[in-house]
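In what follows, a single structure is set out as structure tokens and then discussed.
Every read-out reported here was derived from the displayed coordinates using simple, explicitly stated rules and does not represent laboratory data. Note that the structure is predicted; figures quoted are calculated from it, not measured. Here the Cβ positions follow ideal geometry from the backbone for every residue, glycine too, while neighbour counts run over all protein chains shown.
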Amino acid sequence: MLSVKILGMGCANCNRLEDSARQAIAALGAEATIDHVKDMSAIMAYGVMRTPALVVNEKVLLSGRVPSADEVRTLIMGQLA
């Protein structure tokens, strides 16, 4: 099972990234836990300087932008292999 975390304070971009991640996971038919991490010290622990950020299985895959659901799906597929 995948562990997916969206790092961000809850702004519109962070929420869009969470939506894209949920769409990508559904399209893949994968099982995943999705957490939205809003605590700044927890975000900084990942070394992320710009949000939103996508973390899959404790690996930061992107930060500072909102990718399309297709790009998120591709990133997640890379973690399934």
| message | Return the residues of the stretch 43-52 that are of a type in the set (A, V, I, L, M, F, W, C) and either surrounded by 15 or more Cβ atoms within 10 Å (Cβ to Cβ) or free of Cβ contacts under 8 Å to residues at least 12 places away in the same chain (or both); say none if nothing qualifies. | response | Ile43, Met44, Ala45, Val48
| message | Of the conditions (1) surrounded by fewer than 18 Cβ atoms within 10 Å (Cβ to Cβ); (2) among the hydrophobic types (A, V, I, L, M, F, W, C); (3) out of contact with any helix residue (DSSP H, G or I) (no Cβ under 9 Å at 6 or more places or on another chain); (4) in a strand (DSSP E or B), Val55 satisfies every one except a single condition; which number is it? | response | (1)
